[in-house]
Amino acid sequence: MTENVLERYFRLKEHGTTVHREVVAGLVTFMTMAYIIVVNPAILEAAGMPFGPAMVATILSAIFGTVIMGLYANRPFAIAPYMGENAFVAYTVVGVLGYSWQTALGAVFISGVLLTLLTLTKWRSIMTEAVPNNLKISFAVGIGFFITFIGLVNSGIVVLGTATAPVHVGAFNTAPVALAVFGVLLIAALMIRKVKGAILVGILATAIIAFLTGIAAPPQAIFSMPPDVSAVFLQLDVLGALTWGFFAVILTMFTMDFLDTMGTLIGASAKAGFLDENGNLPEIEKPFLADGLATMFGAVAGTTTTGTFVESAAGIEAGGRTGLTAIVVAALFALGLFFSPLFAAIPAAATGPALIIVGLLMMAPIRELNFQDYAEIIPAFAVIVMMSFTYNIGVGLCAGFVLFPLFKIVQGKMEDVKPAAWVLFALCLLFFIFYPY
């Protein structure tokens, strides 16, 4: 009975999936992004926000946005507070510029309102459809590199180096890094053997080894009551953010969220086979609206910019194709309110390998890029490398949107640039000019 209801609502057969596959995909997505439950509030602590309430706000915003994504958009994408944007608020807006976290949340809310209005007026979709195909391909490839880099850094396989060599190989002779390498090899071997749920099996197996060997501390508790959220709930200062001095902050937040979500949706959709013959995502307004509303709700709840997570690609690789995947993720986040010690115990040595492998799989569209047309390939290359090497999806996308029209002018093919692409050019140019470096 329940399966029939799920089939009718999410149209599982139409999307070539099953309840079991969607549940596994939801588990994989959640496992690869569950770190946000503790990492986001840990970063926001640097802005003066209390850890416990910020953790609850993180989970509530993830549940809210992901449920909308699942029930309304029927897409297998998970929503949660963005990494990068949280650090921007904690270390730049509060730490360097000296604003309060309440005012920063006000700016987050304003950016969410702008995103929602752009979605409702269809301008967000128009600008997305104006993106040339080479850049859309580069989104998927760039996000693949970016996810791999995140996995390498989180698991310690790659570490900070020196001024002359900014990154360095991790200590392979230490147990956590050796276990992470084992996790990569295990997932790869399972995939070669075509084991179903290879990524999830790899995460769980690596985590169990970490607990049994003492490489990672097992959870000290399974269950805990969620802290009181009132210290951050409804504490945003919208009026304080409506000042000229805050213009650069709002512009940066808006642009990063707009482009991060656009890039993630197109990149992940390319992997899932959701894009039409023109490289566009049908009914993209629905996931866009989920993103805008989640950002507004997140600011009210007490957390920073919220949007579609690149880790959703892990669930897509595991077979997730409908909103049921998202609903499973939301349900697991709800459990996270009460089982956060358990979820927080999963070590990066277990989740990092999954991200590395997913990144590899997302790079497949690179073969569709035209390397003979420099006006096409150079902007795409800028997207790919700037995403990874600046650790920021928005910066990479902006680089591509600025370079593409300029090189088309140089090439003498300005007619290839759609009018809405010039809006993206102007927005990204302003982003680079006003970004509080």
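The values are calculated or read from the model by the stated rules, or taken from the named source; none is laboratory data. Given the structure is predicted, the values throughout are model-derived calculations rather than measurements. Glycine gets a Cβ as well: all are built from the backbone with ideal geometry, and neighbour counts include every protein chain shown. Remember, those area values only see protein heavy atoms, side chains included, never the ligands or the DNA or RNA. Shrake-Rupley method; radii C 1.70, N 1.55, O 1.52, S 1.80 Å.
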At a Förster distance of 30 Å, what's the computed FRET efficiency of residue 335 paired with residue 14, Cβ-Cβ distance as r, to 0.05? 0.55
Compute the distance in nm between two label points, each set 7 Å from the Cα along the Cα-to-Cβ direction, one at residue 416 and one at residue 233. 5.3 nm
Using only the alpha carbons of the chain, determine the length spanned along each of the three principal axes and report them from longest to shortest in whole angstroms. 62, 59, 50
Keeping the other protein chains in place, figure out the carbon and sulfur percent of the accessible area of the range 215-285, with a 1.4 Å probe. 62 percent
Nearest-0.05 FRET efficiency for residue 5 and residue 224, computed from C-beta distance (R0 35 Å): 0.60
Suppose the chain between residue 390 and residue 368 were pulled fully straight at 0.36 nm per residue; how much longer would it get relative to their current alpha carbon spacing? 5.5 nm
List the trypsin sites (Lys or Arg not before Pro) within the range 342-437 that DSSP assigns to loop and that have no more than 13 neighbouring Cβ atoms inside 10 Å. 413
How far is the Cα center of the range 365-437 from the Cα center of the range 298-355, in Å? 30 Å
Hydrodynamic calc, the range 159-243: Kirkwood Rh from Cα pairs, then Stokes-Einstein at 20 °C with viscosity 1.002 mPa s, so D in µm² s⁻¹ is 124 µm²/s
How big, on average over all directions, is the shadow cast by the Cα convex hull of the range 382-437, in nm²? 4.0 nm²
Just to be sure I understand: if I project the alpha-carbon convex hull of the range 332-437 onto a plane and average over all orientations, what area do I get in nm²? 10.2 nm²
Would you please state which residues of the range 105-131 a label at residue 243 would reach in this model, taking the label point 7 Å out along Cα→Cβ and a backbone N cut-off of under 13 Å? 107
Here, residue 100 and residue 171, labelled 7 Å along Cα→Cβ, have an inter-label distance in nm of 4.3 nm
Kindly rank 124-135, 417-428 from highest to lowest mean number of other beta carbons found within 10 Å of each residue. 124-135, 417-428
For the chain, modelled as a GNM with alpha-carbon contacts under 10 angstrom, which of 213, 322, 116 fluctuates the most? 213
For the chain, give the magnitude of the charge dipole about the Cα centre (Cβ charges: +1 Lys/Arg, -1 Asp/Glu; no others), in debye to the nearest 20. 640 debye
